[in-house]
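The values are calculated or read from the model by the stated rules, or taken from the named source; none is laboratory data. On a predicted model such as this, the values are computed, not experimentally measured, just so you know. Methodologically, a virtual Cβ is constructed for each residue, glycine included, from the backbone with ideal geometry; neighbour enumeration extends over all protein chains shown. Note: accessible area is taken over every heavy atom of the protein model, side chains too, but ligands, DNA and RNA are not part of it. Shrake-Rupley method; radii C 1.70, N 1.55, O 1.52, S 1.80 Å.
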Amino acid sequence: MITRKSSREIALMQEAGKLLAQCHKEIAKRIKPGVTTKEIDDFVEDFLAKHGATPEQKGYNGYEYATCASINDEICHGFPRNEPLKNGDIVTIDMVVNLNGGLADSAWTYAVGEVDEQTEKLLEVTKTSLYKGMEQATAGKRIGDIGHAIQTYAEEEGFSVVKDFTGHGIGPTIHEEPHIPHFGEAGRGQRLKEGMVITIEPMINIGAWESQMDDNNWTARTIDGKYSAQYEHTLVITKDKPIIITDQDNL
């Protein structure tokens, strides 16, 4: 069932989103060669606790960490680990924050030190594709409009769009209907309505779009070992442009 959130629910989610965005700004200061994603995970858990929040994904279906930390060819759901990040790596930190019952979800891909030109373009295209999708996220539009905008742009730039994982509705639980694919046909799918809260989170690959699952049954990675990036925002659907509740630009 697709739910439309009340103004009270949206206000709680906006507070969670602001805290999550602040946390990502702090993470950006810490990502560098030699740092481990387990150190980042510990920082996130401590940061949230100090602000009266909790990492909602910790314990979700048995997941053990406050964040997902996906390095290089890992598409999503990478486990934080004690392996130091190296110059030229990229790492996606994904988290869901619960603050007083309001949820917010955002992933961000970070360059570690200096990355090559192709990887830099991957990050730029992936982030831009998120915003291309969000431009379509207004009341009256359809879910297919979001995916079509993302897929068209990313493929024109020479990259591929992961089809095995989607955005989703959120609040009061992590994953709710509807699913938000990052590919598709314009004018198709569920119509968006005011008050819906969704995530858009394109995962874009340098090589093939297909994924394979690690033995841990969580981590998905590219089939060809090439890099994958992801950017994600949680947003509220309105009749005009969406309200980005995980926006880092206005802090």
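Could you please give the count of residues in region 7-20 that are over 19 Å from residue 168 (Cβ atoms), open to solvent by 20 Å² or more (accessible area, probe 1.4 Å) and touching a residue at least 40 places away in the same chain (Cβ under 8 Å)? Quick ask: steps written out before the conclusion?
Keep residues of region 7-20 that are over 19 Å from residue 168 (Cβ atoms), which gives 7-8, 11, 15, 18-19.
Next, only the ones that are open to solvent by 20 Å² or more (accessible area, probe 1.4 Å) stay: 7-8, 11, 15, 18.
Adding the requirement that they be touching a residue at least 40 places away in the same chain (Cβ under 8 Å) leaves 11, 15, 18.
Residues flagged as over 19 Å from residue 168 (Cβ atoms), open to solvent by 20 Å² or more (accessible area, probe 1.4 Å) and touching a residue at least 40 places away in the same chain (Cβ under 8 Å) within region 7-20 amount to 3.
Here is a list: 45, 26, 9, 39. Which entry is under 24 Å from residue 192 (Cβ atoms), of a type outside the set (Phe, Trp, Tyr) and assigned to a helix (DSSP H, G or I)? Give the steps one after another, and end with the answer.
On the way: 45 fails: under 24 Å from residue 192 (Cβ atoms); 26 fails: under 24 Å from residue 192 (Cβ atoms); 39 fails: under 24 Å from residue 192 (Cβ atoms).
Answer to the selection: 9.
Report, by residue number, each residue of region 136-187 that is in a strand (DSSP E or B) and touching a His at 6+ places or on another chain (Cβ under 8 Å).
Residues satisfying the conditions are 161, 167, 168, 169, 176, 177, 178, 179, 180.
What residue, of 206, 243, 143, is closer than 30 Å to residue 12 by Cβ, touching a residue at least 40 places away in the same chain (Cβ under 8 Å), open to solvent by 20 Å² or more (accessible area, probe 1.4 Å) and among the β-branched types (Val, Ile, Thr)?
None of the others qualify; the one that does is 243.
Yes or no: region 52-72 includes at least one residue that is under 18 Å from residue 200 (Cβ atoms), charged (D, E, K, R) and under 17 Å from the mean Cα position of the chain (by Cα).
No, every residue in region 52-72 fails to be under 18 Å from residue 200 (Cβ atoms), charged (D, E, K, R) and under 17 Å from the mean Cα position of the chain (by Cα).
Among the residues of region 1-17, how many are of a type in the set (Ser, Thr, Tyr) and modelled with pLDDT of 95 or more? Steps first, please.
Taking region 1-17 first, the residues of a type in the set (Ser, Thr, Tyr) are 3, 6-7.
With the extra rule that they be modelled with pLDDT of 95 or more, the set shrinks to 6-7.
Final tally of qualifying residues: 2.
Suppose we filter region 21-63 for residues that are closer than 22 Å to residue 98 by Cβ, buried (at least 18 other Cβ atoms within 10 Å of the Cβ) and in contact (Cβ under 8 Å) with a residue 60 or more places away in the chain; how many remain?
6
Quick one: which of 121, 163 is closer than 14 Å to residue 181 by Cβ and among the charged types (D, E, K, R)?
Values: 121 fails: closer than 14 Å to residue 181 by Cβ.
Answer to the check: 163.
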